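Read the structure below first, then the notes.
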Amino acid sequence: AAAAAAAAAAATTSETSASTTVEKTEKKKKKPPPNLTGIALVEYKCRKKQRAYNQCYTKKYRTFVGGKATEDDETCEDLYEAYKSCFLKGVLEHRKKEGLPAPNPKSALGQFIEDEEEEE
């Protein structure tokens with residue numbers, strides 16, 4: 001009986017460590033392909049946010065075009081803002097790495113910088 005209990009405890013321990021290993025593996029960020037640079041790298045890093053926004057927008061658009069009334073007040077605006085922020089931050093980082101001058105204050109990047117400063 002003691003041997004069976006020890007075997008059960010060992011099986012539980014190995015299952016726990018295996019699931020912990022899987023969790024750690026899933027949480028690791030995937031490295032971007034080495035051939036991506038510039039804006040392509042920024043797009044790669046923001047791809048999940050873009051995908052979430054696109055799925056939300058497509059769902060809303062299909063519902064609208066289908067003539068179905070939507071009772072949910074779900075908007076895609078928060079997803080769009082998250083994607084836009086990710087993309088513009090990435091572009092700014094790229095510009096800094098390349099040693100480019102500050103963007104025109106009237107441009108989308110200039111406005112983004114201004115908005116970020118106001119939030120702080």
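Once phi is turned into ³J(HN,Hα) by the Karplus curve 6.51 cos²θ - 1.76 cosθ + 1.60 with θ = phi - 60°, what whole-Hz value does each residue of segment 78-90 show in order, with x for glycine and proline?
For segment 78-90, the Karplus curve yields 5, 5, 5, 4, 5, 5, 4, 4, 4, 5, 5, 4, x Hz.
Check the straight Cα-Cα distances from Lys89 and name the lysines below 16 Å, setting aside those fewer than 8 residues away within the same chain.
Lys45, Lys48, Lys49, Lys97
Name the shape class, rounded, prolate or oblate, that the alpha-carbon gyration tensor gives for segment 81-120, where a ≥ b ≥ c are the square roots of its eigenvalues, rounded holds for a/c under 1.5, and otherwise prolate holds if a/b is larger than b/c and oblate otherwise.
Details: a/c = 1.86, a/b = 1.26, b/c = 1.47.
The shape class here is oblate.
When a/c reaches 1.5 or more, the comparison of a/b and b/c decides; with that in mind, is segment 28-90 rounded, prolate or oblate per its Cα gyration tensor?
On the way: a/c = 3.15, a/b = 2.68, b/c = 1.18.
It is prolate, given that a/c is not under 1.5 and a/b is the larger ratio.
Where a number appears in this text, it was derived from the coordinates with a stated rule and is not lab data. Being a predicted model, the structure only gives us computed values, none of them experimental.
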